[in-house]
Amino acid sequence: MASIKDVAAEAGVSVATVSRVLNGHPSVSARARARVLAAVEALGYRPNAVARSLRTDQTRALGLVISDVMNPYFTELARSVEEEARALGYSVVIGNADERPDLQDHHVTTLLDRRIDGLLVSPTDGGSPRMLEAARAGTPMVFVDRWIPGVDVPVVRSDGRDAVRDLVAHLHGLGHRRLAIIAGPAATTTGRERVDAFRAALGAYGLGLPDAYIGQGDFQADSGRRVTEGFLDLPTPPDAVFAADNLMALGALDAVRARGLRVPEDLALAAFDDIRWFVHTDPPVTAIAQPTGELGRAAVRALVDRIEGRPGASVTLPARLVVRRSCGEPPPPSPASPQSPASPQSPSPVRRSTT
(Lines give C-alpha, C1' and ligand atoms only; values in the text may rest on other atoms or scores of the structure.)
Protein backbone atom coordinates (compact mmCIF):
# COMPACT_ATOMS: atom_id res chain seq x y z
CA MET A 1 0.00 0.00 0.00
CA ALA A 2 1.40 3.39 -1.03
CA SER A 3 2.41 5.85 1.69
CA ILE A 4 2.44 9.64 1.67
CA LYS A 5 6.23 9.47 1.21
CA ASP A 6 5.72 7.39 -1.96
CA VAL A 7 3.34 10.06 -3.28
CA ALA A 8 5.85 12.81 -2.52
CA ALA A 9 8.63 10.92 -4.33
CA GLU A 10 6.41 10.20 -7.35
CA ALA A 11 5.34 13.86 -7.60
CA GLY A 12 8.82 15.26 -6.90
CA VAL A 13 7.63 17.39 -3.98
CA SER A 14 7.96 17.34 -0.20
CA VAL A 15 5.75 15.35 2.15
CA ALA A 16 4.52 18.67 3.56
CA THR A 17 3.36 19.74 0.09
CA VAL A 18 1.44 16.49 -0.35
CA SER A 19 -0.18 17.00 3.05
CA ARG A 20 -1.21 20.54 2.12
CA VAL A 21 -2.78 19.34 -1.14
CA LEU A 22 -4.71 16.55 0.56
CA ASN A 23 -6.04 18.97 3.17
CA GLY A 24 -7.06 21.60 0.63
CA HIS A 25 -4.53 24.22 1.71
CA PRO A 26 -4.55 27.20 -0.69
CA SER A 27 -0.79 27.89 -0.55
CA VAL A 28 0.15 25.16 -3.08
CA SER A 29 0.68 26.17 -6.71
CA ALA A 30 -1.63 24.76 -9.35
CA ARG A 31 1.28 22.93 -11.01
CA ALA A 32 2.40 21.22 -7.78
CA ARG A 33 -1.21 20.36 -6.91
CA ALA A 34 -1.68 18.71 -10.31
CA ARG A 35 1.50 16.63 -9.86
CA VAL A 36 0.42 15.48 -6.40
CA LEU A 37 -3.08 14.51 -7.54
CA ALA A 38 -1.64 12.63 -10.52
CA ALA A 39 0.70 10.73 -8.18
CA VAL A 40 -2.18 9.92 -5.81
CA GLU A 41 -4.16 8.49 -8.74
CA ALA A 42 -1.22 6.55 -10.19
CA LEU A 43 -0.29 4.95 -6.86
CA GLY A 44 -3.84 4.40 -5.61
CA TYR A 45 -3.00 6.25 -2.40
CA ARG A 46 -5.72 6.51 0.25
CA PRO A 47 -5.23 8.82 3.26
CA ASN A 48 -5.35 7.23 6.70
CA ALA A 49 -8.71 8.34 8.10
CA VAL A 50 -7.66 7.78 11.72
CA ALA A 51 -4.50 9.82 11.36
CA ARG A 52 -6.38 12.58 9.58
CA SER A 53 -9.01 12.70 12.34
CA LEU A 54 -6.25 13.20 14.93
CA ARG A 55 -4.91 16.17 12.94
CA THR A 56 -8.23 17.82 12.10
CA ASP A 57 -10.31 16.74 15.12
CA GLN A 58 -12.94 15.49 12.66
CA THR A 59 -13.73 11.95 11.53
CA ARG A 60 -16.30 12.87 8.84
CA ALA A 61 -18.51 10.21 10.45
CA LEU A 62 -22.03 10.54 11.83
CA GLY A 63 -23.76 8.27 14.31
CA LEU A 64 -27.37 7.19 13.79
CA VAL A 65 -29.18 5.52 16.69
CA ILE A 66 -32.58 4.26 15.58
CA SER A 67 -35.35 2.75 17.66
CA ASP A 68 -35.87 -0.50 15.75
CA VAL A 69 -33.96 -1.58 12.64
CA MET A 70 -36.60 -4.26 11.96
CA ASN A 71 -39.27 -1.61 11.50
CA PRO A 72 -39.46 -0.82 7.76
CA TYR A 73 -40.01 2.85 8.53
CA PHE A 74 -36.64 3.12 10.30
CA THR A 75 -34.95 1.01 7.63
CA GLU A 76 -36.05 3.50 4.99
CA LEU A 77 -35.06 6.40 7.23
CA ALA A 78 -31.56 4.95 7.71
CA ARG A 79 -31.15 4.54 3.97
CA SER A 80 -32.01 8.18 3.27
CA VAL A 81 -29.68 9.30 6.08
CA GLU A 82 -26.79 7.31 4.61
CA GLU A 83 -27.41 8.61 1.07
CA GLU A 84 -27.52 12.27 2.14
CA ALA A 85 -24.50 11.91 4.42
CA ARG A 86 -22.48 10.33 1.62
CA ALA A 87 -23.44 13.17 -0.71
CA LEU A 88 -22.10 15.65 1.88
CA GLY A 89 -18.86 13.74 2.40
CA TYR A 90 -19.75 11.90 5.61
CA SER A 91 -20.07 8.21 6.47
CA VAL A 92 -22.69 6.82 8.88
CA VAL A 93 -22.36 4.30 11.72
CA ILE A 94 -25.73 2.84 12.77
CA GLY A 95 -26.80 1.52 16.16
CA ASN A 96 -30.11 -0.30 16.74
CA ALA A 97 -31.66 0.46 20.16
CA ASP A 98 -34.39 -2.17 19.69
CA GLU A 99 -36.74 0.12 21.69
CA ARG A 100 -34.48 -0.34 24.77
CA PRO A 101 -33.02 2.67 26.63
CA ASP A 102 -30.04 0.63 27.85
CA LEU A 103 -29.10 -0.33 24.29
CA GLN A 104 -29.57 3.26 23.20
CA ASP A 105 -27.07 4.38 25.85
CA HIS A 106 -24.67 1.61 24.80
CA HIS A 107 -24.70 2.81 21.19
CA VAL A 108 -24.37 6.48 22.13
CA THR A 109 -21.34 5.71 24.31
CA THR A 110 -19.73 3.53 21.64
CA LEU A 111 -20.24 6.11 18.91
CA LEU A 112 -18.85 8.94 21.00
CA ASP A 113 -15.84 6.79 21.91
CA ARG A 114 -15.23 6.41 18.17
CA ARG A 115 -15.15 10.22 17.94
CA ILE A 116 -18.02 10.59 15.50
CA ASP A 117 -18.68 14.23 14.60
CA GLY A 118 -22.38 14.24 15.50
CA LEU A 119 -25.39 12.13 16.43
CA LEU A 120 -28.81 11.53 14.90
CA VAL A 121 -31.11 9.90 17.46
CA SER A 122 -34.70 8.68 17.46
CA PRO A 123 -35.14 8.56 21.25
CA THR A 124 -36.62 5.40 22.70
CA ASP A 125 -38.79 5.40 25.81
CA GLY A 126 -38.41 9.11 26.47
CA GLY A 127 -34.63 9.08 26.19
CA SER A 128 -31.80 7.57 28.21
CA PRO A 129 -29.22 8.99 30.65
CA ARG A 130 -26.14 8.87 28.41
CA MET A 131 -27.98 10.36 25.45
CA LEU A 132 -29.37 13.21 27.56
CA GLU A 133 -25.91 13.81 29.04
CA ALA A 134 -24.39 14.03 25.56
CA ALA A 135 -27.09 16.44 24.37
CA ARG A 136 -26.67 18.73 27.37
CA ALA A 137 -22.87 18.64 27.01
CA GLY A 138 -23.20 20.26 23.58
CA THR A 139 -22.53 17.22 21.37
CA PRO A 140 -23.82 18.09 17.87
CA MET A 141 -27.12 16.20 17.86
CA VAL A 142 -30.44 16.13 16.03
CA PHE A 143 -33.58 14.24 17.05
CA VAL A 144 -35.36 12.56 14.15
CA ASP A 145 -38.96 11.27 14.20
CA ARG A 146 -39.20 11.39 18.00
CA TRP A 147 -37.98 14.05 20.38
CA ILE A 148 -37.68 14.88 24.08
CA PRO A 149 -39.45 18.04 25.28
CA GLY A 150 -37.16 20.40 27.15
CA VAL A 151 -33.93 19.23 25.49
CA ASP A 152 -32.41 21.96 23.30
CA VAL A 153 -31.78 19.86 20.19
CA PRO A 154 -33.14 20.45 16.67
CA VAL A 155 -36.02 18.10 15.82
CA VAL A 156 -36.80 16.76 12.34
CA ARG A 157 -40.19 15.08 12.28
CA SER A 158 -43.52 14.83 10.54
CA ASP A 159 -46.81 16.28 11.77
CA GLY A 160 -49.57 13.68 11.44
CA ARG A 161 -52.45 15.61 12.98
CA ASP A 162 -54.06 16.68 9.71
CA ALA A 163 -53.62 13.19 8.28
CA VAL A 164 -55.25 11.64 11.38
CA ARG A 165 -58.18 14.06 10.98
CA ASP A 166 -58.45 12.98 7.35
CA LEU A 167 -58.43 9.33 8.41
CA VAL A 168 -61.22 9.82 10.97
CA ALA A 169 -63.26 11.77 8.42
CA HIS A 170 -62.70 8.90 5.97
CA LEU A 171 -63.77 6.25 8.49
CA HIS A 172 -66.80 8.30 9.52
CA GLY A 173 -67.80 8.69 5.89
CA LEU A 174 -67.68 4.91 5.50
CA GLY A 175 -70.12 4.55 8.41
CA HIS A 176 -67.72 3.55 11.20
CA ARG A 177 -68.64 4.91 14.63
CA ARG A 178 -66.86 2.63 17.15
CA LEU A 179 -63.23 3.54 16.56
CA ALA A 180 -60.34 2.17 18.62
CA ILE A 181 -56.58 2.76 18.63
CA ILE A 182 -53.56 0.56 19.23
CA ALA A 183 -51.30 3.16 20.85
CA GLY A 184 -47.53 3.33 20.93
CA PRO A 185 -45.59 3.68 24.19
CA ALA A 186 -46.84 6.63 26.22
CA ALA A 187 -43.22 7.48 27.08
CA THR A 188 -42.52 8.43 23.45
CA THR A 189 -43.66 11.67 21.87
CA THR A 190 -45.03 9.86 18.82
CA GLY A 191 -46.99 7.45 21.04
CA ARG A 192 -48.69 10.31 22.91
CA GLU A 193 -49.17 12.56 19.89
CA ARG A 194 -51.03 9.99 17.79
CA VAL A 195 -53.47 9.16 20.58
CA ASP A 196 -54.12 12.85 21.22
CA ALA A 197 -54.67 13.54 17.52
CA PHE A 198 -57.03 10.57 17.21
CA ARG A 199 -59.07 11.62 20.25
CA ALA A 200 -59.34 15.21 18.99
CA ALA A 201 -60.41 14.07 15.53
CA LEU A 202 -63.12 11.82 17.00
CA GLY A 203 -64.38 14.71 19.11
CA ALA A 204 -65.06 16.75 15.97
CA TYR A 205 -67.71 14.14 15.10
CA GLY A 206 -69.11 13.87 18.61
CA LEU A 207 -67.43 10.51 19.11
CA GLY A 208 -65.60 9.56 22.28
CA LEU A 209 -62.57 7.37 22.86
CA PRO A 210 -63.40 5.16 25.85
CA ASP A 211 -60.57 3.55 27.78
CA ALA A 212 -61.62 0.13 26.49
CA TYR A 213 -60.88 1.35 22.97
CA ILE A 214 -57.31 2.42 23.79
CA GLY A 215 -54.93 -0.55 23.67
CA GLN A 216 -51.37 -0.03 24.87
CA GLY A 217 -48.84 -1.34 22.37
CA ASP A 218 -45.07 -0.99 22.00
CA PHE A 219 -44.58 -0.47 18.24
CA GLN A 220 -44.06 -4.24 17.82
CA ALA A 221 -46.25 -6.73 15.95
CA ASP A 222 -46.90 -8.92 19.01
CA SER A 223 -48.48 -6.03 20.87
CA GLY A 224 -50.73 -5.26 17.90
CA ARG A 225 -51.89 -8.87 17.91
CA ARG A 226 -52.48 -8.89 21.67
CA VAL A 227 -54.39 -5.59 21.75
CA THR A 228 -56.59 -6.58 18.82
CA GLU A 229 -57.48 -9.86 20.49
CA GLY A 230 -58.59 -7.81 23.51
CA PHE A 231 -60.72 -5.56 21.32
CA LEU A 232 -62.40 -8.57 19.70
CA ASP A 233 -63.22 -10.01 23.15
CA LEU A 234 -65.11 -6.89 24.26
CA PRO A 235 -68.92 -7.15 24.65
CA THR A 236 -69.14 -4.41 22.01
CA PRO A 237 -66.03 -4.62 19.86
CA PRO A 238 -64.94 -1.64 17.76
CA ASP A 239 -65.82 -1.67 14.10
CA ALA A 240 -62.56 0.05 13.09
CA VAL A 241 -59.04 -0.04 14.56
CA PHE A 242 -56.27 2.49 13.98
CA ALA A 243 -52.80 1.05 14.65
CA ALA A 244 -50.29 3.75 15.55
CA ASP A 245 -47.51 2.11 13.55
CA ASN A 246 -47.07 -0.40 10.73
CA LEU A 247 -45.81 -3.39 12.74
CA MET A 248 -48.73 -3.19 15.18
CA ALA A 249 -51.06 -3.05 12.15
CA LEU A 250 -49.57 -6.28 10.81
CA GLY A 251 -50.07 -7.88 14.23
CA ALA A 252 -53.71 -6.71 14.22
CA LEU A 253 -54.21 -8.25 10.80
CA ASP A 254 -52.84 -11.56 12.11
CA ALA A 255 -55.22 -11.47 15.10
CA VAL A 256 -58.27 -10.91 12.92
CA ARG A 257 -57.35 -13.78 10.61
CA ALA A 258 -56.59 -16.10 13.55
CA ARG A 259 -60.23 -15.67 14.63
CA GLY A 260 -61.50 -16.63 11.20
CA LEU A 261 -62.61 -13.04 10.63
CA ARG A 262 -61.94 -10.74 7.71
CA VAL A 263 -60.67 -7.21 7.14
CA PRO A 264 -62.62 -5.05 6.41
CA GLU A 265 -65.85 -7.06 6.52
CA ASP A 266 -65.59 -7.83 10.25
CA LEU A 267 -63.13 -5.15 11.35
CA ALA A 268 -61.77 -2.13 9.48
CA LEU A 269 -58.05 -1.51 9.90
CA ALA A 270 -55.83 1.51 9.24
CA ALA A 271 -52.23 2.24 10.16
CA PHE A 272 -49.81 5.05 10.84
CA ASP A 273 -46.51 4.70 8.91
CA ASP A 274 -47.18 3.47 5.40
CA ILE A 275 -44.82 0.77 4.10
CA ARG A 276 -44.36 -0.77 0.67
CA TRP A 277 -45.74 -4.10 1.88
CA PHE A 278 -49.18 -2.62 2.48
CA VAL A 279 -50.03 -2.60 -1.22
CA HIS A 280 -49.41 -6.37 -1.27
CA THR A 281 -51.51 -7.38 1.75
CA ASP A 282 -55.04 -8.66 1.30
CA PRO A 283 -56.68 -6.25 1.46
CA PRO A 284 -54.18 -3.44 0.82
CA VAL A 285 -53.97 -1.34 3.99
CA THR A 286 -55.16 2.25 4.24
CA ALA A 287 -52.35 4.14 5.99
CA ILE A 288 -50.86 7.47 6.94
CA ALA A 289 -47.59 8.00 5.10
CA GLN A 290 -44.70 10.03 6.46
CA PRO A 291 -42.22 11.69 4.06
CA THR A 292 -39.52 9.34 5.35
CA GLY A 293 -36.84 10.06 2.76
CA GLU A 294 -37.23 13.81 3.15
CA LEU A 295 -37.02 13.48 6.93
CA GLY A 296 -33.75 11.54 6.75
CA ARG A 297 -32.17 14.01 4.35
CA ALA A 298 -33.32 17.03 6.33
CA ALA A 299 -31.98 15.51 9.56
CA VAL A 300 -28.52 15.02 8.04
CA ARG A 301 -28.44 18.59 6.72
CA ALA A 302 -29.45 19.96 10.14
CA LEU A 303 -26.73 17.89 11.87
CA VAL A 304 -24.01 18.88 9.40
CA ASP A 305 -24.99 22.52 9.93
CA ARG A 306 -24.40 22.09 13.66
CA ILE A 307 -21.10 20.27 13.13
CA GLU A 308 -19.84 22.99 10.78
CA GLY A 309 -20.81 25.83 13.09
CA ARG A 310 -24.11 26.87 11.55
CA PRO A 311 -27.41 26.85 13.48
CA GLY A 312 -29.26 23.63 12.73
CA ALA A 313 -32.97 24.31 12.28
CA SER A 314 -35.86 22.08 13.30
CA VAL A 315 -37.99 20.81 10.41
CA THR A 316 -41.62 19.64 10.46
CA LEU A 317 -43.14 18.04 7.36
CA PRO A 318 -46.77 16.98 6.83
CA ALA A 319 -47.90 13.36 6.70
CA ARG A 320 -50.72 12.31 4.34
CA LEU A 321 -53.51 9.78 4.16
CA VAL A 322 -53.19 7.01 1.57
CA VAL A 323 -56.55 5.32 0.91
CA ARG A 324 -56.63 1.66 -0.09
CA ARG A 325 -59.11 -1.13 0.75
CA SER A 326 -58.83 -2.13 4.43
CA CYS A 327 -61.58 0.09 5.83
CA GLY A 328 -64.49 -0.94 3.59
CA GLU A 329 -63.69 1.41 0.73
CA PRO A 330 -65.58 0.71 -2.50
CA PRO A 331 -63.52 -1.03 -5.19
CA PRO A 332 -61.87 1.25 -7.72
CA PRO A 333 -63.92 1.84 -10.86
CA SER A 334 -63.21 -0.46 -13.79
CA PRO A 335 -61.36 1.16 -16.68
CA ALA A 336 -63.83 2.74 -19.09
CA SER A 337 -64.35 0.90 -22.36
CA PRO A 338 -63.56 2.78 -25.60
CA GLN A 339 -67.28 2.83 -26.45
CA SER A 340 -68.38 4.27 -23.11
CA PRO A 341 -66.44 7.24 -21.69
CA ALA A 342 -65.90 7.30 -17.97
CA SER A 343 -68.35 9.32 -15.97
CA PRO A 344 -66.91 12.30 -14.09
CA GLN A 345 -66.03 11.74 -10.46
CA SER A 346 -67.22 14.15 -7.79
CA PRO A 347 -64.45 15.69 -5.72
CA SER A 348 -63.79 14.17 -2.32
CA PRO A 349 -64.01 16.35 0.78
CA VAL A 350 -61.06 14.47 2.32
CA ARG A 351 -57.51 15.49 1.39
CA ARG A 352 -55.82 12.20 0.60
CA SER A 353 -53.70 10.25 -1.81
CA THR A 354 -54.65 6.91 -3.34
CA THR A 355 -52.25 4.20 -4.40
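The values are calculated or read from the model by the stated rules, or taken from the named source; none is laboratory data. Given the structure is predicted, the values throughout are model-derived calculations rather than measurements. Counting neighbours? That spans all protein chains shown, and the Cβs are built from the backbone with ideal geometry, glycine included. In case anyone asks, the SASA skips ligands and DNA or RNA and just uses the protein heavy atoms, side chains included. Shrake-Rupley method; radii C 1.70, N 1.55, O 1.52, S 1.80 Å.
Over the range 182-306, with every protein chain in place, what whole percent of the accessible area is carbon and sulfur at 1.4 Å, could you tell me? Please report the intermediate quantities before stating the final value.
On the way: 2410 of 4820 Å².
The value for the range 182-306 is 50 percent carbon and sulfur by accessible area.
Surface calculation, 1.4 Å probe, protein heavy atoms: residue 70 sits at approximately 140 Å² accessible. Of all stretches in the chain that contain no GluC sites (Glu not before Pro) in a DSSP loop with at most 14 other Cβ atoms within 10 Å, the longest one is 1-264.
Pull out the extension gain between residue 214 and residue 5, defined as 0.36 nm times the separation in residues minus the alpha carbon to alpha carbon distance; nm, one decimal. Present the calculation step by step, with values, prior to reporting the outcome.
Numbers: separation 209, 0.36 × 209 = 75.24 nm, distance 6.78 nm.
My answer for the length gained is 68.5 nm.
Counting helices only, and only those DSSP H runs with n ≥ 4, report the 222 nm mean residue ellipticity of the chain as the sum of -39,500 (n - 2.57) divided by its residues, in deg cm²/dmol to the nearest 500.
-12500 deg cm²/dmol
Once the Kirkwood radius over Cα pairs is known for the range 101-154, the Stokes-Einstein relation at 4 °C and 1.567 mPa s delivers a diffusion coefficient of 118 µm²/s. Between residue 222 and residue 91, the FRET efficiency from the beta-carbon distance, with R0 = 41 Å, is close to 0.75.
Which value results for Rg/Rh of the chain when Rg is the Cα radius of gyration and Rh the Kirkwood radius based on the inverse mean 1/r? Looking at the chain, the ratio lands at 1.12. Using 0.36 nm per residue and subtracting the Cα-Cα separation, the extra length available between residue 152 and residue 233 on full extension is 24.7 nm. The modelled label-to-label distance for the pair residue 207/residue 41, using points 7 Å beyond Cα in the direction of Cβ, is 6.5 nm.
Using bins of 10 Å that start at zero, the share of Cα-Cα pairs per bin across the range 114-186 amounts to 16, 37, 21, 17, 8, 1, in whole %.
Of 33, 100, which has the most accessible area with a 1.4 Å probe, and how do the rest follow in descending order? All intermediate terms of the calculation are to be shown ahead of the outcome.
Details: 33 65, 100 105 Å².
Result of the area sort, largest leading: 100, 33.
The label-point distance for residue 257 and residue 159, in a model that sets each label 7 Å from Cα toward Cβ, rounds to 3.8 nm. Relative contact order of the chain: 15 percent, from C-alpha pairs under 8 Å at least 6 residues apart in sequence. Here the label points at residue 70 and residue 279, each 7 Å from Cα along the C-beta direction, are separated by 2.6 nm in the simple model.
Report, for the chain, the % of DSSP beta bridges that are antiparallel, rounded to 5. Expressed as a percentage, antiparallel bridges in the chain total about 10. On the principal axes of its alpha-carbon atoms, the range 148-227 has extents of 43, 28, 19 Å, going from largest to smallest.
FRET efficiency for the pair residue 106 and residue 308, taken as 1/(1 + (r/R0)^6) with r the Cβ-Cβ distance and R0 = 30 Å, rounds to 0.60. Please work out, to two decimal places, the log10 of the ratio I(q)/I(0) at q = 0.20 Å⁻¹ from a Debye calculation in which every Cα of the range 60-189 carries one identical scatterer. So the normalised log intensities are -1.14. Across the range 208-280, how large is the tail of the calculated P(r) beyond 18 Å, expressed as a percent of all Cα pairs? Within the range 208-280, distances greater than 18 Å cover 30 percent of Cα pairs.
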